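K.L.:
Submitted below is the structure of interest, expressed as structure tokens.
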Number of protein chains: 8
Amino acid sequence: MKYVVYLSGEIHSDWREQIIQGCARKGLDIQFTSAITDHESSDAAGDGLGAETSSFWRDHKSAKVNAIRTQTAIKNCDLAVIRFGAKYKQWNAAFDAGYCAALGKPYITLHDEDLIHALKEVDGAAQSWATTPDQVIELLAYLAA
Amino acid sequence: MKYVVYLSGEIHSDWREQIIQGCARKGLDIQFTSAITDHESSDAAGDGLGAETSSFWRDHKSAKVNAIRTQTAIKNCDLAVIRFGAKYKQWNAAFDAGYCAALGKPYITLHDEDLIHALKEVDGAAQSWATTPDQVIELLAYLAA
Amino acid sequence: MKYVVYLSGEIHSDWREQIIQGCARKGLDIQFTSAITDHESSDAAGDGLGAETSSFWRDHKSAKVNAIRTQTAIKNCDLAVIRFGAKYKQWNAAFDAGYCAALGKPYITLHDEDLIHALKEVDGAAQSWATTPDQVIELLAYLAA
Amino acid sequence: MKYVVYLSGEIHSDWREQIIQGCARKGLDIQFTSAITDHESSDAAGDGLGAETSSFWRDHKSAKVNAIRTQTAIKNCDLAVIRFGAKYKQWNAAFDAGYCAALGKPYITLHDEDLIHALKEVDGAAQSWATTPDQVIELLAYLAA
Amino acid sequence: MKYVVYLSGEIHSDWREQIIQGCARKGLDIQFTSAITDHESSDAAGDGLGAETSSFWRDHKSAKVNAIRTQTAIKNCDLAVIRFGAKYKQWNAAFDAGYCAALGKPYITLHDEDLIHALKEVDGAAQSWATTPDQVIELLAYLAA
Amino acid sequence: MKYVVYLSGEIHSDWREQIIQGCARKGLDIQFTSAITDHESSDAAGDGLGAETSSFWRDHKSAKVNAIRTQTAIKNCDLAVIRFGAKYKQWNAAFDAGYCAALGKPYITLHDEDLIHALKEVDGAAQSWATTPDQVIELLAYLAA
Amino acid sequence: MKYVVYLSGEIHSDWREQIIQGCARKGLDIQFTSAITDHESSDAAGDGLGAETSSFWRDHKSAKVNAIRTQTAIKNCDLAVIRFGAKYKQWNAAFDAGYCAALGKPYITLHDEDLIHALKEVDGAAQSWATTPDQVIELLAYLAA
Amino acid sequence: MKYVVYLSGEIHSDWREQIIQGCARKGLDIQFTSAITDHESSDAAGDGLGAETSSFWRDHKSAKVNAIRTQTAIKNCDLAVIRFGAKYKQWNAAFDAGYCAALGKPYITLHDEDLIHALKEVDGAAQSWATTPDQVIELLAYLAA
């Protein structure tokens, strides 16, 4: 079976590449989508529409440009993998999880054991919790068989 | 006009009481709903269904019990106020924001200036950002006039 | 039959009052909702959340506060009456019409003959076109019989 | 990432061609849709179904024929760009914006600074505001990367 | 249990009154809604909005006024009873049936045996078929117990 | 622009073939769908699932088999053309119209002038009314340009 | 907080009464709905519409009458409790669970340990699993606090 | 006409293969989807995410992994065939039926006569009931003509 999988969350490690390459090696029929993951470009996404003096409005403009891509990706996916790293607030990842839940899009969380308590509501609405990209690859291989 | 307002997020300060009492003093026709905000009760929400040895499953059971209340409250509200405090990850608050966004429920965020950058995606999908409960009360008074 | 009717559009004449009072005189079981129709208050709706130096962002903040009320009103109504006056762009009225159409909420337009061509798309998705508040009152009296 | 982009609004300048050609030059994977933009054909869209003596009904018939195309295009798009020019009422463009908003379709407005106040509700529900076709092209290039 | 029941279709016999009175006698907690069933008023529903020379447009205006009431009633009901009599085309009754089916609103048809073949698609999407108002009353009494 | 068009209603004349061939001749990018239009096969659609002694249940079984096809076709179409002929009740055509209306699928009716009054509710929710297949072909050619 | 709770499944023990009375004793603001739980009446629900010689069609008619009540109850509830007993297939209970899941209505299962494996898909989409009516009462008391 | 058909239920006989091969032999344009039907793999679907000591949680994890596939398949299908065998509870098949019904996805049941009474609610919401794979093949051939 064919899936469109949206990869959401942490952008400071190579978990996306690991999953994409692992699935490619297994020849799975999966198409991956993602936000723009280059941190600087993402923060500057709205700059082309005119400079802002207030940091709130600069962030606001960029966030809304980026939301065009992420919300399109969520609406068009069958499944999301949402990664929480050790650092940063990563509220956008939790936001994506809530967005998926409300639309009935299944998602898998990917995070370490020490985040269990903080992520209990996000994990509570997830279909699965994985701790490594390899587990995600195995799971996708099973689902796409 | 009448509103049902869901109050989501931080449970360590009295912002909910301030808003509820401020609106009552003004005689606004607003009904407020909320998650169970007693931290210990909330963590133990699933304990009555049987003890768990794994902390993941204990959290999981409680989170899913609590989700019955929070998701009912979101579906039945006209508007949410979502509070992010200075401490903790508060991923459940960001999850609620995403859930609201996907259902087309308008929400107002309530947080300090130093969280602007971390909350840009959550603020990007919000209708308004307030920094004090008094601002929220004024805004609700305007809306309910 | 009972209706909730949302009154949208022009705020410079007393058409809302005429319709509300006309329906009250006939004893119809209709509840009316509306945006905040005081022009200055409406433009200043977001000012309490902090001053803005840019007129775009001041307008933006106020518009998004007002949208909480108008979109709640549209979602909760059975029917809308949308008034276009002789002056101003009134794009918000046409926006409300499109919003109603997409949600399957029936609406009646209220405007003079000289706007027929300019409003053809808005009238095309309407259930009826009236030219006077009295016609709207008669129509509501018929519907609520 | 791939997008279907609906181009709505003003038909008196070549902004559509600029955007379509700019995106083609960059090799973006974007499919564009649009209403019939020939003014005379559009006004006469319903004439083939029989002549009308009343200008209201002639406009009505044409508007409803055209709505088949525009509403299909909106439902099938990922994103809309909605252009407001200096002249005319352009209520159909605002109608399309409301229609997009209610369906959760993100849209970008394209208009000059002097329309900011008149378009505040339309901009309030938009993801971005651009003032030139080039800005739109840059934004689409970013989103489709 | 409480129901809102929409009564659709034939207006030339007293089947509505029989059902309403039969349910009242049994003290059932059911609220009934209906189109305007006075034939002349219904045909003239749009006349107050201006005279028409073409019979198509006169009918069109009235039909769209009446649709405000019938579609509101269908959206707000739990259940519909749709009556087909021996005479006339009654396409509006079949239209209501299709409208109910698409919205997932259950409906009961009420018609004689000789219409079985002609109504097979309408009955195919119905929850029940009754031949007399008394059967409908018994069925509602059972459902509302 | 590309369309999927569902052809519904009368099966005793060659209006479907006229439209399909007319559009083919013009090279339009339109895909047509339809119910099974062979009358006998359609009436016998459920016979393979076991014989019935009651005509109601024989019709019921066939109608529900056919509904799999028609409702799939409606859900997957962009637009429907619904034909009412001079003879027969054709309640299934009116049912399809109501089904389309509730799902927000635009439809065009195709019928003679003498059916105007009987079809006023069906025409009231339609986007256009045509009297000949040639008019439909012209209209589709315009829409698909 | 107020809830409407639908009680689905097994009809051979008094679990419904236990839950209703337990919640009443605690003064919870909960309204309960249920299918008709008298086995014989339920099997005969369609008999008033005419006798059937085939057991399939007798069952079919009754099932569709009963579905009017159960599907109305599910659509109008905030939460369901679905009970599986030791005996019988109880496919209707699992059907209700799937129906709830697809509509995003949260549900709690109530069954003994020995059904864990057989009910894994039903439990997988549930918010909680309880083994006794007392656990359900405690859980509802917590949720309605 | 083209269909995507989801095959749900019993995994202990070769009914899926019979249907798939029968349709292939007839050259029908049908794409089939299915859960993972290898019993052991299915029960172990979540094992790769970490071992569990409790059988409830082991089943729970696997069920939720499998639900990613089954719910994706249901959402993407036009039609389901749901098979109930003579043995086992098969609550997952009834769950899928309820899920289809709530989403408006038509389904056909496939089971022997002796299950009629136990499956009356599931059959009540089905479009057809078949007793052999050959009947299903004939029915699909008719629908796909």
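K.L.:
Once the Cα atoms of helix G:91-103 and of chain G are each reduced to a long axis, what angle between those two axes, in degrees from 0 to 90 to the nearest 10, is obtained?
P.N.:
Long axis of G:91-103 versus the principal axis of chain G: about 60 degrees.
K.L.:
With everything on Cα atoms, drop me the angle between helix A:15-25 and the longest principal axis of chain A, reported from 0 to 90° to the nearest 10.
P.N.:
That works out to roughly 40 degrees.
K.L.:
Taking springs between alpha-carbon atoms closer than 10 angstrom, which of B:Ala130, B:Ala102, B:Ala94 fluctuates most in the Gaussian network model of chain B?
P.N.:
It is B:Ala102.
K.L.:
Using Cα atoms only, what is the angle between the long axis of helix B:55-76 and the major principal axis of chain B, expressed in degrees (0 to 90) to the nearest 10?
P.N.:
30
K.L.:
Could you work out the relative contact order of chain B, using alpha carbon pairs under 8 angstrom and six or more residues apart, expressed as a whole percent?
P.N.:
Working: 198 pairs, mean separation 44.2, N = 145.
With pairs under 8 Å counted, the relative contact order is 30 percent.
K.L.:
So what is the calculated 222 nm ellipticity per residue for chain F, using -39500 (n - 2.57) for each DSSP H run with n of 4 or more, over all residues, to the nearest 500 deg cm²/dmol?
P.N.:
Numbers: 6 runs with 67 residues, N = 145.
Result for chain F, helices only: -14000 deg cm²/dmol.
K.L.:
Something else about it: In a Gaussian network model over chain A where Cα atoms closer than 10 Å are linked, find which of A:Ser42, A:Ser128, A:Ser13 has the largest mean-square fluctuation.
P.N.:
Taking springs between Cα atoms under 10 Å, the residue moving most is A:Ser13.
K.L.:
Can you list residues whose amide H is under 5 Å from C:Ser8's amide H, if they're 5+ apart or on another chain and H is modeled 1.01 Å from N?
P.N.:
Long-range HN contacts for C:Ser8: C:Val81, C:Ile82, C:Arg83.
K.L.:
Continuing with this model, one more query. Please list 3J(HN,Hα) in residue order for the stretch C:104-117, calculated via the Karplus relation 6.51 cos²θ - 1.76 cosθ + 1.60 where θ = phi - 60°; whole Hz, with x for glycine and proline.
P.N.:
In residue order, the calculated couplings are x, 8, x, 9, 10, 8, 9, 6, 6, 4, 6, 9, 3, 5 Hz.
K.L.:
Also, I was wondering about something else. Rounding to the nearest 20 debye, state how big the charge dipole of the protein assembly as shown is about its Cα centre with +1 on each Lys and Arg Cβ and -1 on each Asp and Glu Cβ.
P.N.:
Working: 112 positive and 152 negative charges, 1 e Å.
So the magnitude is around 0 debye.
K.L.:
Fewest Cβ neighbours within 10 Å first, please rank D:His12, E:His60 accordingly.
P.N.:
Details: D:His12 12, E:His60 21.
The fewest-first ordering by Cβ neighbours comes to D:His12, E:His60.
K.L.:
Moving to a separate point now. Could you work out which residue, out of E:Leu49, E:Leu28, E:Leu103, moves most in a Gaussian network model of chain E, that is, has the largest mean-square fluctuation with Cα springs under 10 Å?
P.N.:
E:Leu49
K.L.:
Using R₀ = 22 Å, calculate the FRET efficiency as 1/(1 + (r/R₀)^6) where r is the Cβ-Cβ separation of A:Lys75 and F:Asp29; round to 0.05.
P.N.:
Here the calculated transfer efficiency is 0.30.
K.L.:
If you don't mind, there's one more thing I want to ask. To the nearest 20 Debye, how big is the dipole of the stretch H:94-141 about its Cα centre, given +1 on the beta carbon of each Lys and Arg and -1 on that of each Asp and Glu? Please list the in-between numbers first.
P.N.:
Values: 2 positive and 8 negative charges, 57 e Å.
With Lys and Arg at +1 and Asp and Glu at -1, about 280 debye.
K.L.:
Express in whole angstrom the spacing between the alpha-carbon centres of the stretch B:89-122 and the stretch F:52-81.
P.N.:
For the stretch B:89-122 versus the stretch F:52-81, the Cα centre distance is 46 Å.
K.L.:
Alpha carbon centre of the stretch F:17-50 versus the stretch E:6-27: separation in Å?
P.N.:
Here the two parts' Cα centres lie 40 Å apart.
K.L.:
Among the listed pairs B:Lys26/C:Lys64; A:Lys89/C:Lys61; A:Lys26/A:Lys61; E:Lys26/G:Lys75; C:Lys75/E:Lys89; C:Lys120/E:Lys87, which have their C-alpha atoms separated by more than 28 angstrom in this model?
P.N.:
Table pairs above 28 Å Cα-Cα are A:Lys26/A:Lys61; C:Lys75/E:Lys89; C:Lys120/E:Lys87.
Bear in mind these aren't lab numbers, they're just calculated from the coordinates by the rules spelled out. Just so it is clear, the structure is predicted and the values come from calculations on it, not from any experiment. Heads up, the Cβs are rebuilt from the backbone with ideal geometry, glycines too, and the neighbour counts pull from every protein chain shown.
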